[in-house]
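Structure record follows, encoded as structure tokens.
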Amino acid sequence: MIQFIRALLALANLSPADKVTVAQNIKDSMQSSGNFPASSMPISYPTFQTYITNLHLAIIAAVNGTPSDTAYMHEQEYILVSALKFLKSHVEYVANANSVNTNSIITSAGMQIASTGGNNAVSELTLEAIGNGKLQIRVPRQTGEKAFVFESSVDGITWVEFASNSLTKVTLSNQALGSTVYIRFAAISKTGKGAYSQSKSAIIV
């Protein structure tokens, strides 16, 4: 049975402003990758950029605006998220049509590879390129877990530990723009360090 590789947007718990950042990164990544020519896009690049800009302006208006301004902001947020989910499906279709470079095509769109297995402790590892060569990593904390060991890799094979602490959110800094970084983690409980999670990757912006 052929495995269908899925993309991950990792929009959960993001603020509207963060969604603008993620959407802009995806749009720019898709447009520059060469894997998603304008002629094949289900939503044109200018139209998608309009959705991004509309939410950005709505956020500004809602800062000191009226309840109706806030409602309009959430309306624009819904439109942008819906467009992102539509584009995710397109990215998955293009990527899975190419059985050789499936994963690299997904990451070239500024999206992550969705985890296909593992236990609850690894299913919610999320990565977000937040700009200026920084990557924000979030992990869930399961019962009994006191700390985490975080490792990074540039090839998904050789790993380097960059943090070990009790935080569920850490930032990896000083990464090369445009590079792909892989992340994995292991939880530490009273019984010791557990197995490492499945790795996920993100493109640094």
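Structure notes:
- Shape index of the stretch 62-103: Rg/Rh, with Rg the Cα radius of gyration and Rh the Kirkwood radius from the inverse mean 1/r over Cα pairs, equals 1.36.
- Along its principal axes, the stretch 1-140 has C-alpha extents of 53, 41, 29 angstrom, given from the largest down.
- Here the extension length gained between residue 196 and residue 18 equals 61.3 nm, from 0.36 nm per residue of separation less the Cα-Cα distance.
- Simple spin-label estimate for residue 39 and residue 161 in nanometres, 7 Å along Cα-Cβ: 5.3
- Which of 45, 182, 78 is most accessible, then next, and so on - probe 1.4 Å: 78, 182, 45
- Count of lysine pairs in the chain with Cα separation under 19 Å (8 or more residues apart, or interchain): 16
- Accessible area per residue was computed with a 1.4 Å probe on protein heavy atoms; residue 86 scores about 110 Å².
- Taking the Cα atoms of the stretch 93-204, the ratio Rg/Rh between the radius of gyration and the Kirkwood radius comes to 0.98.
- MRE, 222 nm, helices only [DSSP H, n ≥ 4, -39500 (n - 2.57), over the chain, to nearest 500]: -12500 deg cm²/dmol
- With every protein chain in place, the chain: carbon and sulfur % of accessible area (1.4 Å): 53
- Working note: Cα gyration tensor of the stretch 145-201, eigenvalues times five, square-rooted, sorted largest first, giving semi-axes of 22, 12, 8 Å.
The values are calculated or read from the model by the stated rules, or taken from the named source; none is laboratory data. All values reported here derive from a predicted model rather than from experimental measurement. Positions of Cβ are backbone-derived with ideal geometry, glycine not excepted, and every protein chain shown enters the neighbour counts. The accessibility values were calculated without ligands, DNA or RNA, using every heavy atom of the protein model including side chains. Shrake-Rupley method; radii C 1.70, N 1.55, O 1.52, S 1.80 Å.
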